[in-house]
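The values are calculated or read from the model by the stated rules, or taken from the named source; none is laboratory data. Small disclaimer: the values here were computed from a predicted structure and weren't measured. Every residue, glycine among them, receives a Cβ derived from its backbone with ideal geometry; neighbour counts consider all protein chains shown. All accessible areas refer to the heavy atoms of the entire protein, side chains included, with ligands and DNA or RNA removed. Shrake-Rupley method; radii C 1.70, N 1.55, O 1.52, S 1.80 Å.
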Amino acid sequence: CWALTKHEGRYVSAPHLFKLAIERECRDEFARVCQAPLLVVDELSTEFTDDKGVFYGIHQRLIQERYVGMLKTIETYNGPASAYRELYGERVASRINESGVFVELGGRDVRGTREEPWLERPEARGDK
């Protein structure tokens, strides 16, 4: 994440965040992640979900603690704001709306494509 090149912080995928939160031997690492000055949580909605809402609770607690501590958080989520609100709850969405912004990006998804558009430029191929 570009922001981490400019600010001290931590990057974690949502599935890894879930693992850190539930595995006893990872609790110290989870605490360090939660207290990072800047936290980037990538790929929300790819985490393990269950009927009891374990990740929902972990995520809600994380956002609340970071909100109270006035710590910066960036989350990536591949869906519209309305679906985020439905998945993670009104309280979390409210915290984000109150102290941040939800940015929806358009364009085509480039994951899984074999094309590398930058190679189409002559200078990228080594042509002059």
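For the reader, a short list of remarks on this structure follows.
- Residue identified as open to solvent by 80 Å² or more (accessible area, probe 1.4 Å) and touching a Ser or Thr at 6+ places or on another chain (Cβ under 8 Å) among 38, 87: 87
- Per the conditions (1) modelled with pLDDT of 90 or more; (2) among the basic types (Lys, Arg); (3) farther than 23 Å from residue 105 by Cα, the sole criterion not satisfied by residue 72 is (3).
- With a requirement of 3 or more residues that are free of Cβ contacts under 8 Å to residues at least 60 places away in the same chain and closer than 19 Å to residue 97 by Cβ, the helices (runs of 4 or more DSSP H) lying completely within region 1-81 that satisfy it span 54-68.
- Per-region count, region 41-60, residues open to solvent by 20 Å² or more (accessible area, probe 1.4 Å) and either of a type in the set (A, V, I, L, M) or at negative phi (or both): 11
- The combined condition, being within 22 Å of residue 3 (Cβ to Cβ), at pLDDT below 90 and out of contact with any Phe, Trp or Tyr (no Cβ under 8 Å at 6 or more places or on another chain), is not fulfilled by residue 112.
- Hits in region 70-93 - residues which are over 18 Å from residue 7 (Cα atoms) and touching a Lys or Arg at 6+ places or on another chain (Cβ under 7 Å): 93
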